[in-house]
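Every number in this text was worked out from the coordinates using simple rules, so none of it is lab data. Quantities reported herein were computed from a predicted structural model and do not represent experimental measurements. Cβ atoms come from the backbone with ideal geometry, glycine included; neighbour counts cover every protein chain shown.
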């Protein structure tokens with residue numbers, strides 16, 4: 001896969017990637033109930049052309065009265081060892097699947113899980129990001145954390161939030177209609 005992909009660009013992975021449902025369940029266990037999107041990214045870092053560790057984020061994007069708020073989940077996972085173990089196992093499954101499907105040697109893996117059940121895995125090859133660039137403000141363009149999603153993908157998040165709200169309102173309307181019908185029949 002790496003020979004056919006452009007360098008320095010994140011691309012979506014085709015196929016049904018193993019581990020996404022396990023990852024979603026583990027994050028659901030520790031995140032607030034109004035999470036709209038989960039973002040996980042692991043980015044290989046380099047310093048002067050040599051490996052320099054990894055930059056990893058696990059964020060939830062929350063809908064707080066119409067505003068997207070980024071919540072890091074590292075502390076919540078640390079406080080819930082079982083969920084943290086599930087996240088680790090899910091990441092290992094995702095990595096194994098990617099390695100089996102010609103994505104070995106990637107510099108970045110990004111997993112996006114939306115509250116409507118959609119999920120996407122993106123990978124990149126040939127990135128050169130230093131530890132300082134990964135944590136700078138603003139961060140290197142390859143860093144796709146929760147802040148990146150809230151800032152650069154806000155129209156998509158707004159549409160997702162609206163769809164989720166419509167689903168919730170639709171269920172409430174149906175419930176209210178049934179309740180009114182039941183009350184009317186009793187009279």
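Points to keep in mind about this one:
- Residue in the stretch 71-82 that is part of a strand (DSSP E or B), under 24 Å from residue 150 (Cβ atoms) and touching a strand residue (DSSP E or B) at 6+ places or on another chain (Cβ under 6 Å) present: yes
- Checking residue 54 against (1) outside any helix (DSSP H, G or I); (2) surrounded by fewer than 20 Cβ atoms within 10 Å (Cβ to Cβ); (3) over 15 Å from the mean Cα position of the chain (by Cα); (4) touching a residue at least 40 places away in the same chain (Cβ under 8 Å), the condition it does not meet: (4)
- Complete set of residues in the stretch 136-147 that are touching a strand residue (DSSP E or B) at 6+ places or on another chain (Cβ under 7 Å) and either more than 28 Å from residue 22 (Cα to Cα) or surrounded by 20 or more Cβ atoms within 10 Å (Cβ to Cβ) (or both): 142, 143, 144, 145, 146
- The residue that is farthest from residue 26 (Cα to Cα), among those in the stretch 94-127 that are over 17 Å from the mean Cα position of the chain (by Cα), surrounded by fewer than 19 Cβ atoms within 10 Å (Cβ to Cβ) and touching a residue at least 40 places away in the same chain (Cβ under 8 Å), is 126.
- Set side by side, the residues 166, 133 differ, and just one is surrounded by 13 or more Cβ atoms within 10 Å (Cβ to Cβ), in a helix (DSSP H, G or I) and free of Cβ contacts under 8 Å to residues at least 40 places away in the same chain, which is 133.
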